[in-house]
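What follows is a set of notes on a single structure, which appears directly below.
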C-alpha cells in the first residue's frame, strides 16, 4: 500500500513472490476461500519503461514507467529503499501523463535533464483482492518480450505488517520470495538476454 509522504509521493511496502502457474492458481484459490465475501477485481495494465540504453536508472535501483490502465496514463518513478527487511520498500512519485512519448526528460529531482527513451513494455493481467484498507493482494500474470511469469504481491501499511507476515507464513510463500527483482528489472534482464550479441 502506498503511504503518503508528500504531494504525489508515497512509500510502498510489499512482499513479492515469483511462483509457478500451478502455485499461483493454488494460492489464489486459498485466498478466495479465506475471504469468500470479497470480490476479486480484474484489470489489464501496461507498463512502458523508460531508461537510457546503458541502464542508468536500473543501475541505481530506480524505475521510470508510464503505467496505462484503460485511457488513464500515469508517469511513475519508483526508487528502491535498500534494507535487510524481508519485504521490499520503494519511494514512489506519480503524476498524470496526457499521452505516451518516445522520450522523457524530467525537469526536477536528481534525475533531471537526463534524456530517457522508451525501452519497451510489459503487460499485466492483475487480479486484486483487498482484505482491508491496510492490505491489498495482487495476483499478476506478466507478459513481456515473449515471456510470461506469475507473481503474487502483498502491499500493506505499517499497521498491517505483522498480520501480513503471518499470512505469508501460513501460505508458505517465503521460499518463493522474489530475489530477482521487480517487473522492470526482469524486463530489462530478459531484454539483455534476447538482444545480446
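A short reminder: the numbers here are calculations on the coordinates, not readings from a lab. None of the values given here were measured: they were computed from a predicted structure. No Cβ is skipped: glycine too gets one built from the backbone with ideal geometry, and neighbour counts run over all protein chains shown.
Helix 21-34 versus the longest principal axis of the chain: what is the Cα-based angle in degrees, 0 to 90, to the nearest 10?
For helix 21-34, the angle is close to 50 degrees.
I'd like the orientation of helix 183-195 relative to the chain: the angle between its Cα long axis and the longest Cα principal axis, in ° from 0 to 90, rounded to 10.
It works out to around 60 degrees.
Using only the alpha-carbon atoms, how far is helix 161-170 inclined from the longest principal axis of the chain? Give it as 0 to 90 degrees, nearest 10.
70
Limiting things to C-alpha atoms, what are the Rg and the maximum Cα-Cα separation (Dmax) for region 2-195, in angstroms?
16.8, 50
Kindly put 166, 104 in sequence by how many other C-beta atoms sit within 10 Å of each C-beta, fewest to most.
If I rank by nearby Cβ atoms, fewest first, I get 166, 104.
Among 76, 151, 98, which one shows the biggest mean-square fluctuation in a GNM of the chain, springs joining Cα atoms closer than 10 Å?
Largest GNM mean-square fluctuation: 98.
Contact order normalised by length for the chain, with contacts defined as Cα pairs under 8 Å and 6 or more residues apart; what percent is it?
Relative CO of the chain lands at 27 percent.
Using Cβ counts within 10 Å as a stand-in for footprinting exposure, how do 14, 169 rank, fewest first?
169, 14
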